[in-house]
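Have a look at the structure that comes next, please.
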Amino acid sequence: MFGQCCVQSATLRGMEALPVDVEVVVSAGLPGMSVVGMPDAAVQEARERVRAALRASGFSMPGEKVVVNLAPGSLRKTGPGFDLPIAVGILVATGQVDRSLAEGRLFVGELSLEGAVRPVAGLLAYALAARRLGCAFVCGAGGDHVPVEGVEQTVLRTLGRIRSGAFEPARARRSPKCADVSDFADVAGHESAKRALQIAAAGEHGVLMTGPPGSGKTMLAARLPSILPPLEGDEAMQTALVHSVAGEDMGPVLAGRRPFRNPHHSASVAGLVGGGNPPRPGEVSLAHNGVLFLDELPEFKPAALQSLRQPMEAGRVCVTRADGNVTFPARFMLVAASNPCPCGYFGDRERTCSCTAAQIRAYQGRIGGPLMDRIDLHLDVRRTTPHEVMGTGGGTSSEQLREGVMRARAFARWRRAREGAARGPSQPGASRPQGAGGGAGGLVEPGAGCGSPAALVRECRLSEADAAFLEQVAGANHMSGRAIMRVLRVARTVADMDESPAVAKRHLCEAVGFRLREGDTGIPGL
């Protein structure tokens, strides 16, 4: 019964599955099985699951000493996915199955006590790791499988089927049809708010909606995905990878729907930006290429809110641990909603606010100036009148708003292609777009496609008079450099919606109006 075997497996670390050699040695010594190589508790528990699964599948557990080494030893191994490779290694080492069944395959799977092979989280990451190693991928049945070019994906339903090498082809999950999403036509009134959300969708701008309870802030935010282009190509694969690693349902993502995450205000820092042991993607990463909606923004813990600052700027999250850093993607649209005060009725025309001035200042100050500075559009959402409520269904629809978004994105791609051609070699596909036929496109990169503030200023192509106007507004309102650049980003998006190559004063006025609260412009007649 003495023997040894090496089976290929992998362990998740952040967004990547790193290869692990599962070395099994059966030798003389006291009967028992030990697992070495920095395993966590779930890997240590594999000893009992493997014993029970082997016996339930008609195999014998060796009565000698069994040592399982997970190499490299410096890498922490996590999760129950090592059950299957350990069991296969024992069977090969003891001669109960042919050695060729373990060659050229990467095994990942959890074993039940009856010998069934269960899928684990991160199947897409494991499949990508198998492709890098040039191996076939073997896992449990019933998981979410995404076709990956260049790798054979198979499933093993029960451990007993390995006798005959009964590896079945993995069936790719059929992308379900996207369920009907809510339409902006259902929102009574709020045409100015719809316009602001259309601008936000066209240029991937952050939005903060402030208003009394029942004014429609949540309804507006929930309908934002209905005017965003569907996920396609690399964007869909990146988003599906995040959801796969987190163990979340990939069905809506594979169907093309952009994520819409709505965490409760009791969320912790690790829950929002990621963390834990092992590190796991947070809500900002699960909202990658989609929308992160934070309702009741001032109710979030201050530390959790301030942790959003770095992801909003960088588009990624770096979680630092003693054994290294893990990076998660986090390029999302932040949409937030807030009451103006603790009672919710400060500034309301119909109900009187019962809060003191100190309470109002303290409540609004919980969001923090640095975070507010990173939000492009600030909206005051008022309650609709009974007449508007009874006319629900007759307002601007999502289809109408989506047409404007697609047209703006198509124009922005054409404009950048033309400007790039003017600075360097000609680029194909730089003919001017007609209408909204420019394709779906992805979310616009931060900076409206510009690599630096200087590039953004060049793209705006402001006249001297318009530049002086912006300087006057910024000086009167003590705007930071970041705030000025974000006003220019919004103005550039508004100009793209007008299909204007240059940003004009009217575009700046609309951008400034969304940036500043009522009565705060400091410029007469603005």
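How large is the translational diffusion coefficient of the chain in µm² per second when you combine the Kirkwood radius over alpha carbon pairs with Stokes-Einstein at 25 °C and 0.890 mPa s?
Details: Rh = 26.0 Å.
It comes out at roughly 94 µm²/s.
Once Lys and Arg get +1 and Asp and Glu get -1 on their Cβ, which of G134, V389, S215 lies farthest toward the positive end of the dipole of the chain?
G134
Further question: Using DSSP, restrict attention to beta bridges with both residues in the chain and report what percent are antiparallel, rounded to the nearest 5. Intermediate values should be presented prior to the final figure.
Working: 30 of 57 bridges.
Rounded to the nearest five, the antiparallel share is 55 percent.
Report, in debye and to the nearest 20, how large the dipole of the chain comes out about its Cα centre when Lys and Arg carry +1 and Asp and Glu carry -1 on their Cβ.
Charge dipole, the chain, about its Cα centre: 320 debye, nearest 20.
Continuing with the same structure: Find how many whole Å separate the alpha carbon centroid of region 6-28 from the alpha carbon centroid of region 232-292.
What the calculation gives is 27 Å, centre to centre.
Report, ordered by chain and residue number, the aspartates and glutamates lying within cross-link reach of K217, taken as a straight Cα distance under 15 Å and ignoring same-chain residues fewer than 8 apart.
Once the sequence-local aspartates and glutamates are set aside, what remains near K217 is D183, D186, E191, D295, E296, D348, D380.
Under a straight-distance cross-link criterion of Cα-Cα below 19 Å, which aspartates and glutamates are reachable from K301, leaving out those fewer than 8 residues away in the same chain?
E283, D373
Could you work out the relative contact order of the chain, using alpha carbon pairs under 8 angstrom and six or more residues apart, expressed as a whole percent? Let's see the in-between values first.
On the way: 1076 pairs, mean separation 67.5, N = 526.
Relative CO of the chain lands at 13 percent.
What is the sum of charges around G58, taking Lys and Arg as +1, Asp and Glu as -1, for the other residues whose C-beta is under 12 Å from the C-beta of G58?
Overall, the nearby charge balance is +2.
Further, regarding this structure: Lysines within cross-link reach of K65: Cα-Cα under 17 Å, excluding same-chain residues under 8 positions apart?
Reachable lysines: none.
Further question on the same structure: Solvent-accessible area per residue for the chain at a 1.4 Å probe radius, Å²?
In whole numbers, the chain has 43 Å² accessible per residue.
Now for a different question. Tally up the carbon and sulfur contribution to the accessible surface of region 238-392 as a whole percent, 1.4 Å probe, everything protein left in place. Mind dumping the intermediate values first?
Values: 3430 of 6620 Å².
Of the solvent-accessible surface of region 238-392, carbon and sulfur hold 52 percent.
As a test, work out the antiparallel percent of DSSP beta bridges whose residues both lie in region 26-107, rounded to the nearest 5.
Working: 2 of 8 bridges.
So the antiparallel bridges amount to about 25 percent of the total.
Same structure, new question: Percent of accessible area on region 1-65 owned by carbon and sulfur, 1.4 Å probe?
That fraction is 54 percent.
Let's see if you can work this out: charge +1 on each Lys and Arg Cβ, -1 on each Asp and Glu Cβ, no other charges. What is the dipole magnitude of region 27-105 about its Cα centre, in debye to the nearest 20?
40 debye
How far, in nm, would the chain grow between R309 and E471 when pulled straight, counting 0.36 nm per residue and subtracting the alpha carbon separation?
Using 0.36 nm per residue and subtracting the Cα-Cα distance, I get 55.8 nm.
Angle, helix 191-203 long axis vs. longest principal axis of the chain, Cα atoms, 0 to 90°, nearest 10?
Taking the Cα atoms of the chain, the angle to 191-203 is about 50 degrees.
The values are calculated or read from the model by the stated rules, or taken from the named source; none is laboratory data. Not measured: the values here are computed from a predicted model. Reconstructed Cβ throughout: ideal geometry from the backbone, glycine too, with neighbour counts over all protein chains shown. SASA here: full protein model, heavy atoms, side chains in, ligands and nucleic acids out. Shrake-Rupley method; radii C 1.70, N 1.55, O 1.52, S 1.80 Å.
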